[in-house]
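The values are calculated or read from the model by the stated rules, or taken from the named source; none is laboratory data. Quick caveat, the model's predicted, so the values are computed rather than measured. Here Cβ is always computed from backbone atoms with ideal geometry, including for glycine, and neighbour counts include all displayed protein chains. Please note that ligands, DNA and RNA were not included when accessible areas were found on the heavy atoms of the full protein model with its side chains. Shrake-Rupley method; radii C 1.70, N 1.55, O 1.52, S 1.80 Å.
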Amino acid sequence: MVEAMTGGITEAVKINATIASAVEELGLGMGVGSQRTAIEKPSLEKTFSVVRKNAPTAFLIANIGGPQLVKGYSAKEAKMAVDMINADALAIHLNALQEIVQPEGETSFKGVLNKIGEIAQALDVPVIVKETGAGIAAEEAKQLVSMKVVGIDVAGVGGTSWAAVEYHRAKKKHDEFHQGLGKAFWDWGVPTAMSLIESLQSVSITVIASGGIRTGIDVAKALALGADLTGMAHPILLAATKGPKEVKKTLQVAIESLRNAMFLVGAESLPKMREVPLVITGKTAEWLKMRGFQPEIYAKRSLRKKEMI
Ligand SMILES: Cc1cc2nc3c(=O)[nH]c(=O)nc-3n(C[C@H](O)[C@H](O)[C@H](O)COP(=O)(O)O)c2cc1C
């Protein structure tokens, strides 16, 4: 899927329309960026609703932020976000890292877990909780399950870094204070591979791998680890700024690379990817062992070879 990115600004209409047309054609899913702006100013709704217009059958995910829940959003606003794009699911994003490095950041997350629970109970579409580039650890995954959340999008460290984004924004404004904060927290968080494995070995709900997924081979690795879905954000935004052809090409190369990786390991279906032996070494293995997870289980499994011949 294409991960949540934009909406609420004039330029977003074109970007969202372009991405939506490509995901519809290629049979993928898509998330929209935070819908806060349009919930508060309905004239901006079309910057989001264009997505459903161009992707009438694709799996679409609405988006609101954890800090807004703390500030008073309830099921009413969550439903508004879902209805705006006739969404198939709602994502609530957690972005504590981004908020601390942003000059205008909203750093209160008090009570956010219970608010997530209220919304998950009230909505008739599935509720997913996603990070935005700092990852989700096992302890958080378990807490989210206790709140009846049915999906987690790990969005771990390794791709877009909001601390880096804020560093560059602060630099432009000659704001050395926030530049310093951005630099200090540049790669803070749980890396995507570790976040994915921690979540998959701790809970049994849908887990989406994202954060630095850049190629079809990254997608193949995440699926082999057990991810139910994978998501890409930044590369698709870059492509969208170049036009519809570039978006389609970027996604098609990723899809074809995944198919080829499956061919090369002898997995004839996506579920079969979970049987492919996968060797985890180095820092990732060390991390997992220290945290009480088992990196070796992936290396010892085997795809039934006779089915290949
Ligand atoms: C330009 C941009 C805007 C984003 N805006 C949102 C947002 O509004 N809501 C959200 O949940 N995540 C947002 N994200 C985070 C992405 O959905 C994704 O989780 C994260 O960027 C990791 O993926 P990547 O490394 O492929 O970029 C944004 C990412 C980018 C690059």
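Only one entry of Gly8, Gly33 meets the criterion of being within 11 Å of the ligand (Cβ to nearest atom) and at positive phi, and that entry is Gly8. Would you call Ala163 surrounded by 16 or more Cβ atoms within 10 Å (Cβ to Cβ), over 16 Å from His234 (Cβ atoms), in contact with an Asp or Glu (Cβ under 8 Å, 6 or more places away or on another chain) and not acidic (Asp, Glu)? In short, no. Condition check for Leu196 on (1) touching a His at 6+ places or on another chain (Cβ under 7 Å); (2) within 14 Å of the ligand (Cβ to nearest atom); (3) of a type outside the set (Phe, Trp, Tyr); (4) assigned to a helix (DSSP H, G or I): one failure, at (1). Entry remark, segment 63-94: residues being within 13 Å of the ligand (Cβ to nearest atom) and not aliphatic (A, V, I, L, M) number 6 in total. Restricting segment 147-163 to residues that are hydrophobic (A, V, I, L, M, F, W, C) and in a strand (DSSP E or B) leaves a set whose member that is nearest to the ligand (Cβ to nearest atom) is Val157. In segment 174-199, of all residues being among the charged types (D, E, K, R) and under 16 Å from Thr160 (Cα atoms), the one that is surrounded by the fewest Cβ atoms within 10 Å (Cβ to Cβ) corresponds to Asp187. Scan segment 222-250 for residues that are touching a helix residue (DSSP H, G or I) at 6+ places or on another chain (Cβ under 8 Å) and among the charged types (D, E, K, R) and the total you get is 3. Please indicate, with yes or no, whether at least one residue in segment 239-262 is surrounded by 13 or more Cβ atoms within 10 Å (Cβ to Cβ), under 17 Å from the mean Cα position of the chain (by Cα) and either modelled with pLDDT of 95 or more or within 28 Å of Glu24 (Cα to Cα) (or both). Yes - at least one qualifying residue is present in segment 239-262.
Looking across segment 87-108, the residues that are assigned to a strand (DSSP E or B) and among the aliphatic types (A, V, I, L, M) come down to Ala89, Leu90, Ala91, Ile92. If the condition is being of a type in the set (Val, Ile, Thr), surrounded by fewer than 21 Cβ atoms within 10 Å (Cβ to Cβ) and either closer than 22 Å to Thr281 by Cα or near the ligand (Cβ under 10 Å from one of its atoms) (or both), then segment 200-233 contributes Thr215, Ile217.
Residue by residue, here is whether (1) at positive phi; (2) open to solvent by 30 Å² or more (accessible area, probe 1.4 Å) holds:
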{"position": "Ser108", "(1), (2)": "no, yes"}
{"position": "Val112", "(1), (2)": "no, no"}
{"position": "Ala122", "(1), (2)": "no, yes"}
{"position": "Val125", "(1), (2)": "no, no"}
{"position": "Lys148", "(1), (2)": "yes, yes"}
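Applying the criterion of at least 2 residues that are farther than 30 Å from Ile61 by Cα to the helices (runs of 4 or more DSSP H) found wholly in segment 204-308 leaves 244-265, 282-290. Residues in segment 51-86 that are open to solvent by 30 Å² or more (accessible area, probe 1.4 Å) and part of a strand (DSSP E or B): Phe59 alone.
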